[in-house]
Amino acid sequence: MARKVCIGGNFKMNGDLATLTKLVSQFNECNFDVEAADVIIAPPALYIIPLLEHVKKGIKVAAQNAHQLASGAYTGEISLNQLKDVGLEWVVLGHSERRTLFHETDELVAEKTKAALKQNVKVIFCIGETLEEREANKTNEVVSRQVEALAKVIEENDWKDIVVAYEPVWAIGTGKVATPEQAQDTHKAIRDFLAKRVSQKVADETRIIYGGSVAAKNAKELCLCPDIDGALVGGASLKPEFADIITSAEEAYKTKARL
Ligand code: PEP
């Protein structure tokens, strides 16, 4: 059975209440099939509540980060308990900008992911190699290490609430999208690692989505690859084009479901 696609829109630290509300109104017009696609937008934390109220039922809202502890003296942080309290169902964790600019380690990202699952918050778990690592032929080693840190701290049953986002760092925000072959090869390597390290069932059922300069013009070809189950989109999620990416991913799902 084909895996349902997942399309995430990561707004990062962009937009204001008026522009993001207008953008979400445009996404609300996109009539995708909720049986075929999960669509999740991740606005800046300040806009989570108003956008939760504005977005249509089929589109979910995620936080871009969270703290692993429930409460305490952690100025500027938001806990998973608090995100859950306002009705959030998803969180993006381990984005490469969090890993590089805010020094989040594999272990911290795994700990945050475990804390999210404890709160019944689903996770878009981001991994990916730098250009230097790819050029040194270390891509599979890096993504396996990042997944291993998580496999160590969660149970087999927890994987149903995780979407792995493979995002090569060199493709994020650069316009340099991975070729479908490059992306498919790494997705397959991640799935093989899950089969070996966790179970064949988890490998077969976990959605692995691609992120890095996804646009309307390349989304369908990427999503048609056998091991690519959707996209995490940065820049293009701030444009009406995001609705076309949703449609492309949905079409790819339907094609794969027929095969
Ligand atoms: C991202 O930030 O997750 C991302 C993939 O960005 P972009 O689509 O702009 O490359």
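Criterion applied to G175, G212 was being within 16 Å of the ligand (Cβ to nearest atom) and open to solvent by 30 Å² or more (accessible area, probe 1.4 Å), and the one residue passing it is G175. Number of residues in region 131-160 that are more than 18 Å from H187 (Cβ to Cβ) and open to solvent by less than 70 Å² (accessible area, probe 1.4 Å) equals 5. Hey, any hits in region 100-108 for a residue that's of a type in the set (D, E, K, R), closer than 23 Å to E167 by Cα and open to solvent by 80 Å² or more (accessible area, probe 1.4 Å)? Checked region 100-108: at least one residue is of a type in the set (D, E, K, R), closer than 23 Å to E167 by Cα and open to solvent by 80 Å² or more (accessible area, probe 1.4 Å). Considering region 227-244, the residues that are hydrophobic (A, V, I, L, M, F, W, C) and within 19 Å of K60 (Cβ to Cβ) include one that is surrounded by the fewest Cβ atoms within 10 Å (Cβ to Cβ), namely L238. Of the residues that make up region 191-206, is at least one open to solvent by 20 Å² or more (accessible area, probe 1.4 Å), within 16 Å of the ligand (Cβ to nearest atom) and under 17 Å from K4 (Cβ atoms)? Within region 191-206, none of the residues are open to solvent by 20 Å² or more (accessible area, probe 1.4 Å), within 16 Å of the ligand (Cβ to nearest atom) and under 17 Å from K4 (Cβ atoms). Residue under question is S96, and the condition is that it be over 18 Å from the mean Cα position of the chain (by Cα) and buried (at least 17 other Cβ atoms within 10 Å of the Cβ); does it hold? Spelling it out, it is not the case that S96 is over 18 Å from the mean Cα position of the chain (by Cα) and buried (at least 17 other Cβ atoms within 10 Å of the Cβ). Between a first residue in region 241-259 that is assigned to a helix (DSSP H, G or I) and a second residue that is open to solvent by 60 Å² or more (accessible area, probe 1.4 Å) and of a type in the set (A, V, I, L, M), which pairs have beta carbons less than 6 Å apart while being 6 or more apart in sequence or on different chains? Pairs that qualify, where the first residue is assigned to a helix (DSSP H, G or I) and the partner is open to solvent by 60 Å² or more (accessible area, probe 1.4 Å) and of a type in the set (A, V, I, L, M), are A252/L224.
Within region 215-226, restricting attention to residues that are assigned to a loop (DSSP other than H, G, I, E, B) and open to solvent by 20 Å² or more (accessible area, probe 1.4 Å), the residue that is nearest to the ligand (Cβ to nearest atom) is L224. Considering only region 178-187, state which residues are within 16 Å of the ligand (Cβ to nearest atom), open to solvent by 30 Å² or more (accessible area, probe 1.4 Å) and outside any loop (DSSP other than H, G, I, E, B). Once the filter is applied, which keeps residues that are within 16 Å of the ligand (Cβ to nearest atom), open to solvent by 30 Å² or more (accessible area, probe 1.4 Å) and outside any loop (DSSP other than H, G, I, E, B), region 178-187 yields only Q182.
Are any residues in region 156-172 within 16 Å of the ligand (Cβ to nearest atom) and assigned to a helix (DSSP H, G or I), and if so, which ones? Selection gives V169, W170, A171. Within region 35-71, the residues that satisfy the criterion of being in a strand (DSSP E or B), open to solvent by less than 50 Å² (accessible area, probe 1.4 Å) and under 30 Å from K254 (Cα atoms) are A37, D38, V39, I40, I41, A42, I59, V61, A62, A63. Within region 72-84, the residues that satisfy the criterion of being closer than 19 Å to T113 by Cβ and either open to solvent by 70 Å² or more (accessible area, probe 1.4 Å) or among the hydrophobic types (A, V, I, L, M, F, W, C) (or both) are Y74, E77, I78, L80, Q82, L83, K84.
The values are calculated or read from the model by the stated rules, or taken from the named source; none is laboratory data. Keep in mind it's a predicted model, so treat the numbers as computed, not measured. We place every Cβ from the backbone using ideal geometry, glycine too, and count neighbours over all the protein chains shown. SASA here: full protein model, heavy atoms, side chains in, ligands and nucleic acids out. Shrake-Rupley method; radii C 1.70, N 1.55, O 1.52, S 1.80 Å.
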